[in-house]
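Read the structure below first, then the notes.
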2 protein chains.
Amino acid sequence: MKEIEQRLNENGVRPTAMRILIYKYLAEKEVAISLTDIETAFSNADRTTLFRTLKTFEKKGVVHQIDDGTGVQKYALCEPGCNCELEQDLHLHFHCNNCDETVCLTEHKIPHINLPEGFVAEDANLVLKGICDKCSGQ
Amino acid sequence: MKEIEQRLNENGVRPTAMRILIYKYLAEKEVAISLTDIETAFSNADRTTLFRTLKTFEKKGVVHQIDDGTGVQKYALCEPGCNCELEQDLHLHFHCNNCDETVCLTEHKIPHINLPEGFVAEDANLVLKGICDKCSGQ
DNA sequence: CTACCCGTGCAACGGAAGTGCATTTATTGT
DNA sequence: ACAATAAATGCACTTCCGTTGCACGGGTAG
């Protein structure tokens, strides 16, 4: 509990009750979370608050946004000390076509790509799709 | 003109006037095209027709869909003879943060990734973002 | 010639992201 | 402790985009 407050403070996010709850929720889930997910989990809170909380988290580097190709924006906590902006910290994501969940594979960095003359890469997004470990075990 | 008709026939798409025009439009542009782009280019035609044309093209393997992270679905012609389903034919895409255009880098295949135990990849999507050759030259 | 299928067009729906403004809650300075 | 200020929350509304249902019409096949 206290660790969460501290973590938020470190990132320049004021630790309100709502924000701590949302952080906790994200920490418990090991998968990427959409705004709608949070919305249903916190049906008492307002959508806008949840939306802006995620955006604040994102701006302050608490979470990173994930585009898994479903057309819905998802979010997951950043590793402590990670700098998502830096190319070396870009990990890949895996989207399961069976259970429809997306997970971070933080151990797997995106390999460096040699681009044609004139192209300058600043950011990268790699999503693999298939069957995840939980679903393939069945 | 005749080549387009033939190409569509080969892919099991009946070459109507509308479809030939859309194919031609896609062939002229060397960047990925959104439904809205086509909509503005063919303001006389109906949105639904254009939408369904793209979907038909996609299903029949005439075009492939691109998710470049902008939240808008884009499409580009498949290389003749390419099989987008197969992993070896998956190329990467580059999205320019300056001109906001997305291009296929068909020469650059997505490198193979070794996944953790239990994960089975069927598909992959790699998008690099930065400054494209046209914009970096300025 | 007729029946049918498929392409096209019109209208409407629904999900998700985002914004403007009012209100409440927290923080700072005196 | 209190006023002034800033930040967070809540409500209403908008916009954009993808998608679907239904009706019309022209071409194709029997």
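The values are calculated or read from the model by the stated rules, or taken from the named source; none is laboratory data. Because the structure is predicted, anything quoted here is derived from the model rather than measured. A quick note on method: Cβ atoms are made from the backbone with ideal geometry, for glycine too, and the neighbour counts reach across all protein chains shown. Heavy atoms of the whole protein, side chains included, go into the accessibility calculation; ligands, DNA and RNA do not. Shrake-Rupley method; radii C 1.70, N 1.55, O 1.52, S 1.80 Å.
Ignoring ligands, DNA and RNA, what accessible area per residue does the stretch B:2-136 give at 1.4 Å, in Å²? Could the numbers behind the result be given before it?
Details: 7290 Å² over 135 residues.
On a per-residue basis, 54 Å².
Suppose we flag trypsin sites (Lys or Arg not before Pro) only when DSSP calls them loop and at most 16 other Cβ atoms lie within 10 Å. Which is the longest uninterrupted stretch of chain B?
In chain B, the maximal stretch lacking such sites is B:61-138.
Copy-to-copy spacing for A:Phe51, label 7 Å out on the Cα-to-C-beta vector, in nm, shortest first?
Result, one decimal in nm: 2.2.
Connecting C-alpha atoms closer than 10 Å in a GNM of chain A, tell me which of A:Gly118, A:Gly12, A:Gly81 has the biggest fluctuation.
Ranking A:Gly118, A:Gly12, A:Gly81 by mean-square fluctuation puts A:Gly118 first.
Whenever you get a sec, compute what percent of the accessible area on chain A sits on carbon and sulfur atoms (1.4 Å probe). The partial results should precede the final answer.
Numbers: 3540 of 7630 Å².
That fraction is 46 percent.
Would you compute, from DSSP H runs of 4+ residues alone, the mean residue ellipticity of chain B at 222 nm, taking -39500 (n - 2.57) per run and dividing by the full residue count, rounded to the nearest 500? Walk me through the numbers on the way to the answer.
Numbers: 5 runs with 45 residues, N = 138.
Mean residue ellipticity, 222 nm, calculated: -9000 deg cm²/dmol.
Shortest first, in nm, what separates the label point of A:Ala121 from those of the same position in the other copies (7 Å along Cα→Cβ)?
When each copy's label point is compared with this one, the spacings are 1.3 nm.
Quick one: buried accessible area between A and B, total over both chains, 1.4 angstrom probe, nearest 100 Å²? Spell out each step's value before the answer.
On the way: alone 8950 and 8950 Å², together 15280 Å².
The buried area between A and B, both sides summed, comes to about 2600 Å².
Can you tell me the 0 to 90 degree angle between the C-alpha axis of helix B:47-59 and the longest principal axis of chain B, rounded to 10?
So the inclination is approximately 50 degrees.
For the stretch B:92-138 and the stretch A:69-138, what is the centre-to-centre distance using only Cα atoms, to the nearest Å?
12
With each label point set 7 Å from Cα along the Cα-Cβ vector, what nm distance links B:Glu122 and A:Cys82?
Each label point lies 7 Å from its Cα, and together they span 2.6 nm.
Keeping all protein chains in the complex and leaving out DNA, RNA and ligands, what accessible area do you get for B:His95 with a 1.4 Å probe, in Å² to the nearest 10?
For B:His95, the solvent-accessible surface is approximately 10 Å².
At a Förster distance of 30 Å, what's the computed FRET efficiency of B:Lys2 paired with B:Lys109, Cβ-Cβ distance as r, to 0.05? Kindly include the intermediate steps, with their values, before the conclusion.
Numbers: r = 32 Å, r/R0 = 1.06.
Once the sixth-power term is evaluated, E becomes 0.40.
Show me the GluC sites (Glu not before Pro) within the stretch B:29-137 that DSSP assigns to loop and that have at most 14 other Cβ atoms within 10 Å of their Cβ. Display every interim value, and only then the final one.
Numbers: sites: B:Glu30, B:Glu39, B:Glu58, B:Glu85, B:Glu87, B:Glu101, B:Glu107, B:Glu117, B:Glu122; in loops: B:Glu30, B:Glu85, B:Glu101, B:Glu117.
Answer by residue number: B:Glu30, B:Glu85, B:Glu117.
When only the heavy atoms of the protein chains count and the probe is 1.4 Å, how do B:Ser136, B:Ser34 rank by accessible area, highest first? Provide the component values of the computation, followed by the final result.
On the way: B:Ser136 55, B:Ser34 10 Å².
Ranked list, largest accessible area first: B:Ser136, B:Ser34.
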